[in-house]
Structures are given as structure tokens and as C-alpha cells.
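J.: To start, I am sharing the structure in question, which I have written as C-alpha cells.
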Amino acid sequence: MSFVGRDLISMNDLTREEIDGFLRKVDVVRDHPGKKQLCTDKVCAMLFFEPSTRTRTSFDSAMRNLGGRIGGFYDPRITSAVKEESLWDTVKMHDGYGFDVMVIRHPLKGAARLAAEAVEMPVINAGDGPNQHPTQTLLDLYSINETQGTLDGLTVAMVGDLANGRTVHSLTEALLKYNNCRLIFISPRDLAMPGFLIDKCKKAAEQGGATFTEGRRIEDHIAEVDILYMTRIQTERLHEMTALAEKFRSIYRLEAGMLKDAKPTMKVMHPLPRVTEIAQDVDQTPYAYYFQQARNGLFVREALLALILGAVR
Ligand code: CP
């Protein structure tokens, strides 16, 4: 397994063996005695065309923790994109400015793949519209393994806007690579998991891999799940359906009282930001893991940068 110089655009870019190998490296980098010198001569271009708190800040901190530097922008309104410069040209400029790796977030599906074709340096997808968010999935897998001790044989419920949530798309693709996982997709019909991913799940089931079901109510599945993966309604991607968002929010909401039949080892995860889908009283329960999960994003992104930049092998 080598990550040196590689793009990370989709979870489909990685085999199970590569994901497992990567997850083993996370703690190596996290506890590396010379971490502050691993990337002292390296510079990361951060191209954020969409808002972000966790992904942006943790990549920023990760690069600094490795001794590297950061450039780029976090608001496309202060770039020449407002003068109608194409994405291709905007991205391509960065090859000439001394950067070693690019992290890009963009509202359009396929933007990160296009960026990877435009530039020589390796490109990391930090979220492309409703499509993929592979670094979120790597930190999700790290967190799931940390809490369950395995990634095989788990029952994982994904709840909320499964149509537009890139985190659940990437996570589904990843868990299909593991043995005997049971996936439960809980959403309103209007926001169900896209057909192409349901088809992949069906194919995996036919081949004796993961199984899946679709449900409408969180309460029906609390007792059976190892991971309850909550997501918000992606109002920014709902377009003509925004009027339905409030209704969906009230239905797909987890409260502490609903967790009384949960397995003792069950964890509630969420890529964050949350809006109303997890009540604050859940934070005080032993099931809440979303803040630790977000913190793991720092360690996962440190490892990813160190591996892609060849600082750790
Ligand atoms: N999970 C996640 O991608 O959060 P941000 O949008 O804040 O980066």
C-alpha cells in the first residue's frame, strides 16, 4: 500500500486492504515523536468553495501540526471565480505556486475529480456536492473501529437526508467492502438513498456481503444497531423541497428518552453540523460520540497528509 502522491476523490479509490492499512497508520502519525518536522518543507492549498468548520479547521491544524504551511482560500467570493473564471483555470493556477497537495471542497458533484485532472499535485476531496466526502468516511471508520473494535459484522443505521448527504454515500460505499455488515437506511421517502447505491447494496447482498433494509422510523431500530449515524436535512441542496425540511426535522430527531433499549456499546455518530436532529440531552448519555468523532478528524487528516506527502510510509 502506498499513498504517496495519490489523489483521494472517492471511497471507491481505496480497497478494503488500503483502508485497513491507512487506519493502522493513523495512530503512528498521531503519536509520532517527530510529528512537528514531518512536513516542514510542504505547503497545502486549501480551496474551499463551500462553507466548512470541521473539515477546513482540522486540515489546517493537521498541516500545521506536521510542520507544514497552508495557502489558498475559504471564500470563493474573494477570488476571480466571481469574474466567471472556470473551475479548471482557478484550480490549475495552483500548480504554479509551490503547493504540494490540494484540498478542495465544492458544491458540484465531480469538482474534485476535475481538479485532480487539472493539476499535477495530489488532490484530496473535502466534499463535492451531494457526491462524496471520503476524509469524513475515513474518520468515521476510525471512530467506529475505536468504539466497536471491528468494522466487520456491524449493524449501522444511517438516518436523515440520505438523498443529499455525501457522508452517508461515502460511508455506504466503504462499509460494503467489509464482511457481513447490516445497513439500515432511515429517511423520508423523498430523501431516500439514491438508486445507484441501493443497487450496489443489492449486488453486495447477492454476493453474500452486506445486507440492507430501508426504514422510516428511528425508534424501530434503536435496539439492534451498533452505530446510529444521524445526519441533518441538507436544506442547501433541497431546492424546491425546502418547505418539507421542517416536517422532516421534527420526525427525524433523536432524544435521550428514545435510547433506553440501545445496546450498551451502541454509539450515536454525526458528521456535524447538527441542527435539530440530535437533542442536546443526548450529549450527556454514554451513547454520544459525535464530538470525539469530530476530534478524530484531526488525527485522520494528519495521517492522510503525511502519507500522501511521503513523510510516513
Ligand atoms: N463534517 C463536515 O464536513 O463538517 P464541515 O462542513 O463543518 O466541514
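The values are calculated or read from the model by the stated rules, or taken from the named source; none is laboratory data. Just so it is clear, the model here is predicted, and its values are computed rather than measured. So basically every Cβ, Gly included, is an ideal-geometry build from the backbone, and we count neighbours across all protein chains shown.
J.: If a residue must be part of a helix (DSSP H, G or I) and surrounded by 19 or more Cβ atoms within 10 Å (Cβ to Cβ), how many such residues does the range 57-73 contain?
T.: Total meeting the criteria: 5.
J.: Going by the conditions given, is residue 70 aliphatic (A, V, I, L, M) and modelled with pLDDT under 95?
T.: On the way: aliphatic (A, V, I, L, M): yes; modelled with pLDDT under 95: no.
Considered against the rule, which asks whether it is aliphatic (A, V, I, L, M) and modelled with pLDDT under 95, residue 70 comes out as no.
J.: Right, next: Being modelled with pLDDT of 95 or more, surrounded by fewer than 22 Cβ atoms within 10 Å (Cβ to Cβ) and assigned by TED's automatic domain parsing to the domain that holds residue 27 narrows it down to one of 146, 85, 173, so name that one.
T.: None of the others qualify; the one that does is 85.
J.: Hey, another quick one. Every residue in the range 77-105 that is within 15 Å of the ligand (Cβ to nearest atom) and within 25 Å of residue 239 (Cα to Cα), please.
T.: Hits for the range 77-105 are 104, 105.
J.: If you go through the range 13-61 one residue at a time, how many are small (Gly, Ala, Ser), away from the ligand (no atom under 16 Å from the Cβ) and in contact (Cβ under 8 Å) with a residue 12 or more places away in the chain?
T.: Summing the residues that are small (Gly, Ala, Ser), away from the ligand (no atom under 16 Å from the Cβ) and in contact (Cβ under 8 Å) with a residue 12 or more places away in the chain in the range 13-61 gives 2.
J.: Under the condition of being within 16 Å of the ligand (Cβ to nearest atom) and part of a loop (DSSP other than H, G, I, E, B), which residue from the range 147-169 is nearest to the chain's Cα centre (by Cα)?
T.: Residues of the range 147-169 that are within 16 Å of the ligand (Cβ to nearest atom), as a first pass: 158-162, 164-169.
Still in the running and part of a loop (DSSP other than H, G, I, E, B): 160-162, 164-165.
Working: 160: 15, 161: 15, 162: 13, 164: 13, 165: 10 Å.
Among those that are within 16 Å of the ligand (Cβ to nearest atom) and part of a loop (DSSP other than H, G, I, E, B), it is 165.
J.: Residues being closer than 15 Å to residue 102 by Cα, among the small types (Gly, Ala, Ser) and not in a loop (DSSP other than H, G, I, E, B): count how many of those fall in the range 1-54.
T.: Summing the residues that are closer than 15 Å to residue 102 by Cα, among the small types (Gly, Ala, Ser) and not in a loop (DSSP other than H, G, I, E, B) in the range 1-54 gives 1.
J.: Identify all residues within the range 106-146 that are assigned to a helix (DSSP H, G or I), within 14 Å of the ligand (Cβ to nearest atom) and among the small types (Gly, Ala, Ser); write none if there are none.
T.: If the condition is that a residue be assigned to a helix (DSSP H, G or I), within 14 Å of the ligand (Cβ to nearest atom) and among the small types (Gly, Ala, Ser), then 112, 143 are the ones that fit.
J.: Is at least one residue of the range 92-100 modelled with pLDDT of 95 or more and closer than 20 Å to residue 14 by Cβ?
T.: There is no residue in the range 92-100 that is modelled with pLDDT of 95 or more and closer than 20 Å to residue 14 by Cβ.
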